[in-house]
Amino acid sequence: MNNHKVRKYTIRAVEYLIAAIFAVINLIPVFWGVITSLKNPREISRIPPQIFGFEPTLMHYQTVLSGQFFRSIMNSVLFSLFAIMLGLILGYLAGYGFARRKFRFKSLLFFLVVVGIPLSGGSSVLLIPNYLYMLKLHMTNQFYTLPLIYAAYNLPMAIWIFIAGIKAVPFELEEAARIDGVSQHYIVTRLVPPLVKPSIASAALFIFIGSWNDYITASVMVSGNLKVIQQSIYDFMGFFGLEWGPLTASTTIAVIPILIVFTIAGRQLVSGLTAGAVKG
Amino acid sequence: MGKKKINLSILYTVPASLLLIMFLIIPLIFALYCSFYQYKYMMQGSFVGLANYIECFVTPRISQSFLITFIVTFASTAISIFLGLVLALWIDRRSGLFAYFIEMIGLIPWVISMVVAGLLWRWMFNAELGLFNVIIRAMGFAGVDVIQNKTAAQVALIFVLSWRTIGYAMVMILAGLKGIDDTLIEASHIDGANSLQTLFLIKLPMIKSSVLLSTIVLTVSNFTNNTVPKVLTGGGPVNATNVVTLEQYNLSFVYYEFGKSSALSVLIMICTVIIIACYIKVAKYKI
């Protein structure tokens, strides 16, 4: 009996130890980045480095935010918002069509969505093709370039999430509304959206993460005043010559919104991620 | 009577499909077209047939970069899936806040941007001041200049790619585990199966497709990832981490050889399509 208890507590202890190691490995770069960003240059180059017990300073944040960086943050915010709006509207409509209707070419169009999920996940496959093509159309370096591309790249995943969400809404509800004389327009724009709020949240989250975190597409598509945040961080690597104070300050700024959104809506992210994968 | 009702349901999907066709399909066709032409900077030259492709195959740097990419992709995906599977099997036994906490912590490397992750790990691996070397030295070993050492840089790249995606693999596989009918597990216990037998005869076969699906997604993601190597090692030292997507990027924006880089894009595309074909076969998507 006693032996059993000892065994149980040992397993518990080992589990917490593994959890702690896992947490440290996952979080240490971000944690160390935040600590570094708060140190003055002398503290940064001090050996051994101090984790606590140094005078924190915001000087690197001032350096970073006084330049073009603030503008690129605003660009990223705007581009992400536009991409989210476009992606949600198009994704919801397509999701509704796929989940509720029968039409010609349905499986062909659905195939496009399915192929798009892994394809756009690693958008660097499309990097050079899209660059050459956009250049031909004179659509590079415009205010609408990135929102359109971000919406397109994240659309397959958004449609996928909406299909799963809308299918979970009982069809009888729509039929009942139709018998009551409600128009199709009302059903699509008023009745269904409130019922798929979790899908809206998780699709929005996916589009936001995809847009906010993109570097490589932005790096070939836009420059100058249209630069986005990740691009500015990358450019800092050359500009500050790997000066780690400003660099870690900029990465910290880039991570904060992601972590806030993720903390609030992490559940939605997981449910969106596994929307189609649950059926073993 | 007589008036035929036209089915307009396709209209729901038209705007989304147009956007996808415009940014996913047409560019690929256009790149295929470009790959048959010579390019001098941005000027399209004469039709050269398969010359760009042949050049891709005979340039040692490019074939070398394919080899590096295959190794890096295989190693990082294998590590992610294996550790993701182990972690998923572990937290599947637990529930509530603890499991939630592990899931969320696991996904953080995946939600932060690759530029940030690459840069922060580069800082961790810094020769003098990086936390990694500080700890290594405190343990009595000689420090390693990770980014300047060929093998170390390759290992670091594999490490960071796995680090990013272990949580993703865990969450996907966990979803598969949660989908297993509990009565099946109970029945196996009643029949006298021990936990190892339950694992190998019930759980693993039941989650086969979610393991396969996440393997495929991560293979594509690691194969086509060029942000992490670009930021972490920049392809160096001496091309040791020059993965194929980085080579493609440099061909375009450093050497301005757009014909050749289109050909290389098409080759990368073919590899990706093969992997995606497996994905569709495994997923058995139906609408």
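Carbon-plus-sulfur fraction of the accessible area of chain A, 1.4 Å probe, in percent?
Details: 8710 of 12960 Å².
So the carbon and sulfur contribution to the accessible surface is 67 percent.
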- Message: Compute the distance from the alpha-carbon center of the stretch B:51-110 to that of the stretch B:186-200, in whole Å.
- Response: 31 Å
- Note on the structure: Over all Cα pairs of the stretch A:104-244, the Kirkwood radius sets Rh, and Rg/Rh then becomes 1.11
- Of all the Cα-Cα pairs you can form in chain A, what percent are over 36 Å apart? 33 percent
- Calculated [θ] (222 nm, deg cm²/dmol) that DSSP helices of n ≥ 4 give over chain B, each run adding -39,500 (n - 2.57): -21000 deg cm²/dmol
- Task: Would you work out which of A:Tyr9, A:Val24, A:Val34 lies farthest towards the positive end of the dipole of the stretch A:2-44, given +1 charges on the beta-carbon of Lys and Arg and -1 on that of Asp and Glu, about the Cα centre?
- Result: A:Tyr9
- Whole-Hz Karplus couplings 3J(HN,Hα) for the stretch A:101-112, θ = phi - 60° and coefficients 6.51, -1.76, 1.60, Gly and Pro as x, run 10, 10, 7, 5, 6, 4, 5, 5, 5, 5, 4, 4
- Given B:Ile91, B:Gly106, B:Phe57, which one lies farthest toward the positive end of the charge dipole of the stretch B:57-202, if we put +1 on the Cβ of every Lys and Arg and -1 on the Cβ of every Asp and Glu? B:Phe57
- Let me have the relative contact order for the stretch B:1-130, percent, based on Cα pairs under 8 Å that are six or more residues apart. 8 percent
- Note on the structure: Given the candidates B:Asn194, B:Met42, B:Pro205, the one whose Cα lies deepest towards the positive end of the charge dipole of chain B, counting +1 at each Lys or Arg C-beta and -1 at each Asp or Glu C-beta, is B:Met42
- Query: For A:Ile264, A:Ile89, what's the largest-to-smallest order of accessible area, 1.4 Å probe?
  - Reply: A:Ile264, A:Ile89
- Query: What value does the protein assembly as shown have for Rg/Rh, both radii from Cα atoms and Rh as Kirkwood defines it?
  - Reply: 0.99
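Run the dipole for the stretch A:156-276 about the Cα centre, Lys and Arg Cβ at +1, Asp and Glu Cβ at -1, nothing else charged, and hand back the magnitude in debye, nearest 20. Kindly include the intermediate steps, with their values, before the conclusion.
On the way: 6 positive and 7 negative charges, 21 e Å.
Roughly 100 debye, rounded to the nearest 20.
Assign unit charges at the C-beta atoms only (+1 for Lys and Arg, -1 for Asp and Glu), then state the dipole size of chain A relative to its Cα centre in Debye, rounded to the nearest 20.
Charge dipole of chain A: 740 debye, to the nearest 20.
Based on the alpha carbons, how large is the Rg to Rh ratio for the stretch A:2-44 when Rh follows Kirkwood?
Working: Rg = 17.8 Å, Rh = 12.9 Å.
Result for the stretch A:2-44 is an Rg/Rh of 1.38.
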- Task: With all protein chains present, calculate the accessible area of B:Val266 using a 1.4 Å probe and round the result to the nearest 10 Å².
- Result: 20 Å²
- Message: Report the Cα centroid-to-centroid distance between the stretch B:211-287 and the stretch A:144-209 in angstrom, as an integer.
- Response: 31 Å
- Message: If the only charges are +1 at each Lys and Arg Cβ and -1 at each Asp and Glu Cβ, what is the size of the charge dipole of the protein assembly as shown around the Cα centre, to the nearest 20 debye?
- Response: 1140 debye
- If the limit is 21 Å between Cα atoms, which of A:Lys136/B:Lys230; A:Lys8/B:Lys203; A:Lys167/A:Lys197; A:Lys167/B:Lys281; B:Lys178/B:Lys208 go over it? A:Lys136/B:Lys230; A:Lys8/B:Lys203; A:Lys167/B:Lys281
- Item | Accessible surface, the stretch B:101-240, averaged per residue in Å² (probe 1.4 Å) | 38 Å²
- Note on the structure: Applied in sequence order to the stretch B:125-139, the curve 6.51 cos²θ - 1.76 cosθ + 1.60 (Karplus, θ = phi - 60°) yields integer Hz couplings, x standing for Gly and Pro, of 8, 3, 4, 9, 9, x, 4, 4, 6, 4, 5, 4, 5, 4, 7
- Message: Can you report the principal axis dimensions of chain B using only the alpha carbons, biggest first, rounded to whole angstrom?
- Response: 90, 73, 29
- Message: Could you put A:Lys8, A:Lys227 in order of accessible surface area, largest first, with the 1.4 Å probe and the full protein assembly present?
- Response: A:Lys8, A:Lys227
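Please calculate how many Å² of accessible area chain A carries per residue, with a 1.4 Å probe and no DNA, RNA or ligand atoms counted. Don't jump to the answer; show the numbers that get you there.
Numbers: 12960 Å² over 280 residues.
Computed with neighbouring chains in place, this is 46 Å² per residue.
For n ≥ 4 DSSP H runs only, could you compute -39500 (n - 2.57) per run for chain A, divide by its residues and tell me the 222 nm figure to the nearest 500? Mind dumping the intermediate values first?
Numbers: 12 runs with 202 residues, N = 280.
The helix-only estimate for chain A comes to -24000 deg cm²/dmol at 222 nm.
The values are calculated or read from the model by the stated rules, or taken from the named source; none is laboratory data. Note that the coordinates shown come from a computational prediction; the quantities given were computed from them, not determined experimentally. FYI the Cβ positions are ideal-geometry reconstructions off the backbone, even for glycines, and counts take in every protein chain you see. SASA here: full protein model, heavy atoms, side chains in, ligands and nucleic acids out. Shrake-Rupley method; radii C 1.70, N 1.55, O 1.52, S 1.80 Å.
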